[in-house]
1. Restricting attention to region 1-34, and to residues there that are in a loop (DSSP other than H, G, I, E, B) and within 18 Å of Trp108 (Cα to Cα), which single residue is modelled with the highest pLDDT?
2. Do we find a residue being more than 27 Å from Arg361 (Cα to Cα), surrounded by 16 or more Cβ atoms within 10 Å (Cβ to Cβ), of a type in the set (Lys, Arg) and under 25 Å from the mean Cα position of the chain (by Cα) anywhere in region 116-133?
3. Name the residue, out of Gln87, Gln74, that is at pLDDT 75 or above, out of contact with any His (no Cβ under 6 Å at 6 or more places or on another chain), closer than 26 Å to Ser103 by Cβ and polar (S, T, N, Q).
4. Among the listed residues Val289, Val324, identify the single one that is touching an Asp or Glu at 6+ places or on another chain (Cβ under 6 Å), at pLDDT 85 or above and over 17 Å from Leu245 (Cα atoms).
5. Mind checking which residues of region 298-323 are touching a Gly at 6+ places or on another chain (Cβ under 8 Å), assigned to a strand (DSSP E or B) and crowded, with 22+ Cβ neighbours inside 10 Å?
6. What residue, of Ala166, Ala93, is surrounded by 11 or more Cβ atoms within 10 Å (Cβ to Cβ) and either on the phi < 0 side of the Ramachandran plot or not basic (Lys, Arg) (or both)?
7. Inside region 94-153, can you point out the residues that are basic (Lys, Arg) and under 30 Å from Gly32 (Cα atoms)?
8. Of all residues in region 141-157, how many are over 20 Å from the mean Cα position of the chain (by Cα) and in a helix (DSSP H, G or I)?
Amino acid sequence: MRDEGVSGRGPRRRSVRWRFTYLYAGLFLASGAATLAVVAAFAGGSVDVGPGPGSGGALYGASAAALARIASLQHQLAQAQARQNEQLLLGSAVGLLVMGLLSLLLGWYAAGRVLRPLSAMTAATRRISADSLHERLAVDGPHDELRDLGDTVDELLSRLENSFAAQRRFVADASHELRTPLATLRAAVDVTLAKPGPLPEQTRVLAGRVRTELDQVDRLLDGLLTLARAQHDLPEPGSVPLNDLTEEALAARGLSVDQVLDAAPGALVRGNRTLLRRLVENLVDNAVVHNEPGGWVRVAVSEAGTEVELVVENGGSILTEDQVAELTRPFRRAGPGRTDTTGSGLGLAIVAAVAAAHDGRLELTARVGGGLRVVVTLPAEVEVEVEVEVEVEAKVEEADAP
């Protein structure tokens with residue numbers, strides 16, 4: 001098992017499994033060492049082989065040769081006992097070493113078995129994001145502390161799912177409901193401006209300003225609706241040529257841009273055409289609006305294997321990493337060149353939501369010389385080739401022999 005920090009970041013640390021393994025091995029070695037000390041204490045004593053009670057007269061009458069023989073036997077017995085004790089202690093030490101190594105393996109295995117449900121919950125939790133809050137850990141097994149933890153996380157995910165769903169419904173419903181009063185206000189302004197007879201100049205200027213602000217609010221509501229739609233399941237997914245959408249967005253802008261379209265014809269991706277068109281248009285508009293006078297824009301579409309990549313680069317002011325990280329948040333702008341007030345502040349937020357809804361990736365990088373590099377990577381549509389075998393059975397009738 002690889003030791004790693006939280007979410008792959010931060011200083012390296014020991015995993016819980018290693019700590020459990022060290023704990024098991026340490027406790028086993030401590031108990032083994034205590035057992036070895038007890039064995040050594042009892043084995044350290046000597047066997048008394050001296051003359052027993054009442055044998056003093058016999059030894060007194062014994063010859064010097066017999067006494068020397070007895071002393072030699074006592075010495076040999078003491079040496080044999082010492083060798084036996086040494087072998088016992090050496091064997092115990094070797095056994096303790098072997099069992100210490102074995103305890104590491106057994107501790108690693110036991111800790112893995114105990115922590116396996118926790119590892120499964122960690123992996124499942126990492127897979128769950130704001131777009132997949134419907135998934136659950138669904139921990140099975142006995143009703144222990146780990147299952148209680150899994151059930152608690154599932155309850156938390158359920159509350160988060162309901163909260164996100166309520167927020168998205170509110171944004172979509174509010175945006176939709178506000179369209180009617182906005183249309184009424186716009187119609188009232190148009191009727192005022194269309195009245196016969198001369199209008200005071202101040203009234204005409206005020207009406208034009210109100211109409212401009214109404215258009216701005218309408219674009220904001222449209223962006224909120226698109227953002228809410230992108231965060232739900234994709235409506236009517238189909239085969240979408242990203243190459244064609246890019247060309248349409250560039251043609252609609254009517255600007256001279258550096259355009260590189262080296263993808264295969266169409267650069268097909270699977271998704272919703274309306275959302276993907278909005279993604280491309282937002283990227284092109286963002287590159288043009290947040291630029292510098294006489295600046296440049298580069299658009300590239302390429303296909304590599306199972307992915308289609310859309311790259312939009314532009315010149316402009318120098319951005320820091322912290323500023324770039326804020327660009328995908330709604331209503332956030334960064335840099336002195338990103339102060340345009342005609343936009344809704346939802347451009348890159350919508351791009352991020354649409355890319356995530358299509359299982360894609362969005363990467364923002366500040367260019368060294370100024371400006372921004374945006375890369376959107378989407379899964380290419382895999383064309384399934386179906387082979388159809390047609391068997392033709394020919395029946396040959398033999399002609400009757402003459």
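1. Filtering region 1-34 for residues that are in a loop (DSSP other than H, G, I, E, B) and within 18 Å of Trp108 (Cα to Cα), the one modelled with the highest pLDDT comes out as Ser15.
2. no
3. It is Gln87.
4. Values: Val324 fails: touching an Asp or Glu at 6+ places or on another chain (Cβ under 6 Å).
Checking each option against the conditions leaves just Val289.
5. If the condition is that a residue be touching a Gly at 6+ places or on another chain (Cβ under 8 Å), assigned to a strand (DSSP E or B) and crowded, with 22+ Cβ neighbours inside 10 Å, then Asn314 is the only one that fits.
6. When all the criteria are applied, what remains is Ala93.
7. Answer for region 94-153, where residues must be basic (Lys, Arg) and under 30 Å from Gly32 (Cα atoms): Arg113, Arg116.
8. Applying the first criterion (over 20 Å from the mean Cα position of the chain (by Cα)) to region 141-157 yields 141-149, 151-152, 155.
Still in the running and in a helix (DSSP H, G or I): 145-149, 151-152, 155.
Residues meeting the conditions: 8.
The values are calculated or read from the model by the stated rules, or taken from the named source; none is laboratory data. The structure presented is a predicted model; accordingly, all values stated were derived computationally and were not measured. Positions of Cβ are backbone-derived with ideal geometry, glycine not excepted, and every protein chain shown enters the neighbour counts.
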